[in-house]
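Single-structure report; data block below.
The values are calculated or read from the model by the stated rules, or taken from the named source; none is laboratory data. Quick caveat: nothing in here was measured; it's all calculated off a predicted structure. Neighbour counts are summed over all protein chains in view; Cβ atoms, including those assigned to glycine, are modelled from backbone coordinates with ideal geometry. Protein only, heavy atoms only, side chains kept; ligands, DNA and RNA dropped before computing areas. Shrake-Rupley method; radii C 1.70, N 1.55, O 1.52, S 1.80 Å.
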Amino acid sequence: MTEANIQSGGLGNSATQFGAVAKTFHWLTAFLIVSMLVLGVVASKWPFDTSDALGTKATLFSIHKTLGLFTFLVASLRILWAISQPRPAPLPNGRKFQHFAAETVHWSLYGALVLVPLTGWTHHAATTGFAPILWPFGQTLFFIPQSVGLAAILGKLHFVFNVLLATSLALHVAGAIKHHVIDRDATLKRMLPGQVPLPAGIEKQPLHKGPLVIACLIWVCAAGIGVALGGMKGSAAASTSPSLDTVQSQWAVADGTLNIAVDQFGQSVGGTFAEWTADIQFTETAVSDEYGNVTVVIAIPSLTLGSVTSEALNDGFLDAESFSTATFTGPIKASDGEGRFVVDGTLSLVGKDMPLSLPFVLTLEGETAKASGTAVLDRRDYDIGQAYPDESSVGFAVTITFDLTATRSQP
């Protein structure tokens, strides 16, 4: 029996054979990849038209994300183990290009194994929404800010690297099948448990940098595509918002935010309207108990609400296609203290007009005014989310907050 016929029989690799650890990592990783990909597809396509369906969808995504982190850990350990071990020489077949292509696919696959769960994890940290990771270590990362733009890019990177992972995996499997069915060699068999006789003449091949260089180029190209798609997604979202008319306000908003928050499965999900206008008429002296009035027009399609933005804009909720704007208007009156005011106005949303009280605090500094306030509405008053009749999935209360700085317009 030649040296090539001798199995390592241990945990580590030999010059010609894979050890037990490498084989275990290989098949565990394969199982995790397939499970993660299938779960991701099923979760994405699962309906959310009822509370039970939404709960199932969230559970599937939670399992998918948790499995992704476990895959990241296993893939990292596998790569570290592979670096620490001798790489068994390829079986002799005289096809140098085939060896070169196989190494390129291996490197591409190794990178995707890390990049797919990593971008999924960072995307989860950059956004808010349902489907938490099932672990006790928190849902955010200290080096990843919660940002709509960043989340869009990371989401597309996750998608593109998933395509790269699926493609690399398909090529890897096709190569293994070719070796087993067409070439009838032991390439696939020596990754299986047990001893496999190998032919003599197996020689250690020099390490070529070409496959790694090509794989690096593939990773960079995939990353570039993901970043470009993420930017296009943000631009497309902005282009769907209606063009709001310019207002001639006594106080022109120089800077401000308009946010909402709703509970989903017991966790707060925060969102922001990027496009809105405010016509503020305000004087320091009251006339018939009124200090002026305000009219706010909001572009509904400009909403971003964590990972559930598309669901929130659908016809079961805000129905942005049919009702592209919401309007809040009412008189400004003094409240229960100096600098405290309230607008007892009307909010027109999804075709319904309902009263809404908006208390706020106002600070005047010369020609600059700063105001911030909070209001709470009940989604049921607007027939929003009727498919979710209880709060087990989506809360009834929707919290609206604003913070703005305005300057007095010159007459």
Could you tell me which residue out of 271, 331, 281 lies farthest along the dipole of the chain toward its positive end? Charges go on the beta carbon: Lys and Arg +1, Asp and Glu -1, centred on the Cα centre. 271
Residue (of 141, 120, 218) at the positive-pole extreme of the stretch 85-221, dipole from beta-carbon charges: 218
Diffing the stretch 350-363: the Karplus 3J(HN,Hα) column from phi (6.51, -1.76, 1.60, θ = phi - 60°), in whole Hz with x for Gly and Pro, holds 6, x, 10, 10, 9, x, 8, 9, 10, x, 8, 10, 10, 10
Please report, as a whole percent, how much of the solvent-accessible surface of the chain comes from carbon and sulfur atoms (probe radius 1.4 Å). 64
Share of alpha-carbon pairs per 10 Å distance bin for the chain, given as whole %: 4, 18, 22, 18, 14, 10, 7, 5, 2, 0, 0
Added length on full extension, which subtracts the Cα-Cα distance from 0.36 nm per residue, residue 401 to residue 146: 90.0 nm
What full-extension length gain, to one decimal in nm, is calculated for residue 257 and residue 287 as 0.36 nm per residue of separation minus the Cα-Cα distance? 7.9 nm
Counting only heavy atoms of protein chains, what accessible area per residue, in Å², does the chain have with a probe of 1.4 Å? 53
Based on the mean of other Cβ atoms within 10 Å per residue, sort peptides 268-275, 393-400 so the most packed one is first. 393-400, 268-275
In the chain, which helices (entire DSSP H runs) extend 24 Å or more along their own long axis, judged by Cα positions, while averaging at least 0.5 on the Kyte-Doolittle scale? 20-45, 51-84, 148-177, 210-239
Give the average over all directions of the projected area of the C-alpha convex hull of the stretch 294-337, one decimal, in nm². 4.6
Using only alpha carbon positions, build the gyration tensor of the stretch 208-299, then give the equivalent ellipsoid semi-axes as the square roots of 5 times its eigenvalues, largest first, whole angstrom. 48, 17, 11
With n ≥ 4 as the cut-off for DSSP H runs, can you work out [θ] at 222 nm for the chain, using -39500 (n - 2.57) per run divided by the number of residues, rounded to the nearest 500? -13500 deg cm²/dmol
Whole-angstrom Cα spans of the stretch 15-136 along principal axes, big to small: 59, 29, 25
Could you tell me the relative contact order of the chain? Use alpha-carbon pairs under 8 Å, at least six residues apart, and round to a whole percent. 14
For the ranges 300-308, 354-362, what's the packing order if you count other beta-carbon atoms within 10 Å of each residue, average per peptide, and put the highest first? 300-308, 354-362
Need one number: nm distance between label points at residue 176 and residue 213, each 7 Å from Cα along Cα→Cβ, rounded to one decimal. 3.0
How big is the charge dipole of the chain about its Cα centre, in debye rounded to the nearest 20, if each Lys and Arg gets +1 on its Cβ and each Asp and Glu gets -1 on its Cβ? 3140
